[in-house]
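Read-outs: derived from the displayed coordinates by stated rules, not from any lab. Because the structure is a prediction, the values reported are computed rather than measured. Here Cβ is always computed from backbone atoms with ideal geometry, including for glycine, and neighbour counts include all displayed protein chains.
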Amino acid sequence: MEIFDLTIHEMQAKLKAKELSSVEATRAMLARIEAVDQKVNAYITVTPEQALAEAEAADKRIAAGDGAPLTGIPVGLKDIFVTKGIRTTCGSKILSNFIPPYDGTAVARLKAQGAVIVGKLNQDEFAMGSSSESSYFGAIHNPWNLECTPGGSSGGSAAAIAARTATATLGTDTGGSIRQPASHCSCVGLKPTYGRVSRYGVIAYASSLDQVGPLTRDVRDAAIMLGAVAGYDRCDSTSVDTPVPDYLANLEAGVKGLKIGLPAQYYIEGLDPEVKGAMDRAIELYKGLGAEIREVQLPHTEYAVATYYLVATAEASSNLARYDGVRFGHRTETAKGLADMFAKSRAEGFGAEVKRRIMLGTYALSSGYYDAYYLKAQKVRTLIQRDFLNAFQEVDVLLTPVAPTPSFKLGEKVGDPLQMYLSDIFTIPVNLAGTCAMSIPAGFNEAGLPIGLQLIGKPFGEAEILTAAYAFERETEWHKRKAVI
Amino acid sequence: MKITRAEVEHVARLARLELSEQELDTFTAQMDSILNYVEKLNALDTDGIVPTSHAVPMENAFRPDQPGQSLDVPDALANAPHHAESFFTVPQVIE
């Protein structure tokens, strides 16, 4: 096994036993990036000098017996996380020269544990997209099939796990942007409950939905990463001040007696037969492990995508008003006056998908349309949230596909935004409800493309879905299969 | 038609986005199709339903009004496209 193939917990053991140093691990990872990333395009910025300096510091810490779970582990960050002194673009031309003066909280917490930041990962521009094709820095290729999309918007964070160019990564999830790429790249991706992880220093897209989470090679690694970044932060007033449990404590507890719900509205016609087959096999496996399976109803599921594209775009149009060419970011060279400078800087700096969403959101909030669109969507959001609360009266977790189909070809859906939006139909409701969910590898189709299964938990039920995910992973080999590139 | 080209032009002005003729055409068609799709929400009776603005119920987060550390002026100006002394500079606003 190569160094770059190791999980966090495997690498941690080797570092502790002095079989491996962080400098060696970091060099191996940087060499791997150099060797394969030109095919994948998962990285926007690689930071070898800083990474090696952090690795040296980590080795000293381990030698002094002062290691934390992530000390010396090479990690990558979606380029939505602001990093002090390291360019942070959010996949956009408008931020292509932005060097943040501070670290966001999640990044600071990884650094406090001694994690080694190897670089900043490519993504859909401002996290708006489901295929990682809207980046100013070019499309990302799926390591399982380079002609296919890795999913989005955290496509680089997932592709780097599949290509083994980072041991673990952080992404963000507003409508499925961690879980859908994790599913398409056969890795573990966890979207925590809204409020579980601070968004301070995370470039905002839709503030009532955005959440930070890890993408990893296995379930244990996801628990380690979540434990490192979760918890209250006074710099994010939406972070919730409830204690962070030890996510490893009950990981191996099993699923005997666990009540697993299958939402009738997710097992519908049009679901890809191979995805359906993978879900059926997973359900049988859980039954065999002693879980109790029953059908539940989420009656407002079909309204989720419409609700999301009103709420998210409205919030985006407001959040992205800050990009005006005054304090940071791109400014046009050809402005005639101040208003013209705003309009031209934004026209030159934003790509098509971002403009489309700003336009939709501005329209939904504009005078005369606010009640019909934005307020209506917020009311339907209440109904969707109630669906989940009702379902969780009956069961402990929900088991669903992550996406209706495996990955699709790059270019296939770029001309039809609505079709692209509908690919997030099984992930979006979770963000609207604000609860937690994860994607884990559950098989491959005949073409060799990964299929993920989604476990949805109660609010702040991350430990419970991690336990359920681990029970599945322990009985399967899907997470061990490696993309050949 | 849910939205006309003229309305799209108006929204672009509100959003401070200069759009090309071609972008206006494309966005008019695409926004029309998306607005037709979101129309399905009207099938739901939402009378008396309280809107959800946030996933987790939250009160105002108060804290003592004490000055803390903030960015130094050079750091705050470091990313500015144009600046002079301790100010951001912009094109002339008043003739």
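Here are the numbers:
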quantity: Positive dipole terminus of the stretch A:298-373, leading residue within A:349, A:360, A:304 (C-beta point charges); calculated: A:349
quantity: Ranked list, fewest to most other Cβ atoms within 10 Å of each Cβ, for A:475, A:125, B:21, A:133; calculated: B:21, A:475, A:133, A:125
quantity: Distance histogram for the stretch A:1-149 (every C-alpha pair counted, 5 angstrom bins, percent rounded to whole numbers); calculated: 2, 10, 18, 20, 19, 16, 10, 4, 2, 0
quantity: Expected-Rg normalisation [2.2 N^0.38 Å, Cα atoms] applied to the stretch A:269-361; calculated: 1.87
quantity: HN-Hα J in Hz across the stretch A:128-140 - Karplus 6.51, -1.76, 1.60, θ = phi - 60°, x for Gly and Pro; calculated: 9, x, 10, 9, 6, 9, 8, 5, 5, 9, x, 5, 9
quantity: Sequence of A:274, A:284 once ranked by neighbouring C-beta atoms within 10 Å, starting from the fewest; calculated: A:284, A:274
quantity: Taking chain A and dividing mean pair separation by its residue count, relative contact order in percent (alpha carbons under 8 Å, at least six apart); calculated: 17 percent
quantity: Average projected area [Cα convex hull, the stretch A:3-257], square nanometres; calculated: 13.4 nm²
quantity: Calculated P(r) tail over 13 Å for the stretch A:195-247, as whole % of Cα pairs; calculated: 59 percent
quantity: Extension gain from residue A:87 to residue A:484, taking 0.36 nm per residue of separation minus the Cα-Cα distance; calculated: 139.9 nm
quantity: Value of relative contact order over the stretch A:1-127, rounded to a whole percent, pairs C-alpha under 8 Å and six or more apart; calculated: 30 percent
quantity: Two-site FRET efficiency, residue B:75 against residue A:339, from Cβ-Cβ distance with R₀ of 22 Å, rounded to 0.05; calculated: 0.15
quantity: HN-Hα J in Hz across the stretch A:146-160 - Karplus 6.51, -1.76, 1.60, θ = phi - 60°, x for Gly and Pro; calculated: 5, 7, 9, 6, x, x, x, 8, 7, x, x, 5, 7, 5, 5
quantity: Packing-based exposure ordering (other Cβ within 10 Å, fewest first) of A:194, A:374, A:369; calculated: A:369, A:374, A:194
quantity: Qualifying lysines (Cα of each under 26 Å from Cα of residue A:256; at least 8 residues distant if same chain); calculated: A:191, A:276, A:287, A:458, A:480
quantity: For the stretch A:336-485, the fraction of alpha-carbon pairs in successive 5 Å shells from zero, as %; calculated: 2, 7, 12, 14, 15, 14, 13, 10, 7, 4, 2, 1, 0, 0
quantity: Principal-axis tilt of helix B:5-14 within chain B, Cα atoms, nearest 10 degrees; calculated: 20 degrees
quantity: Compactness of chain A as Cα Rg over 2.2 N^0.38 Å, two decimals; calculated: 0.92
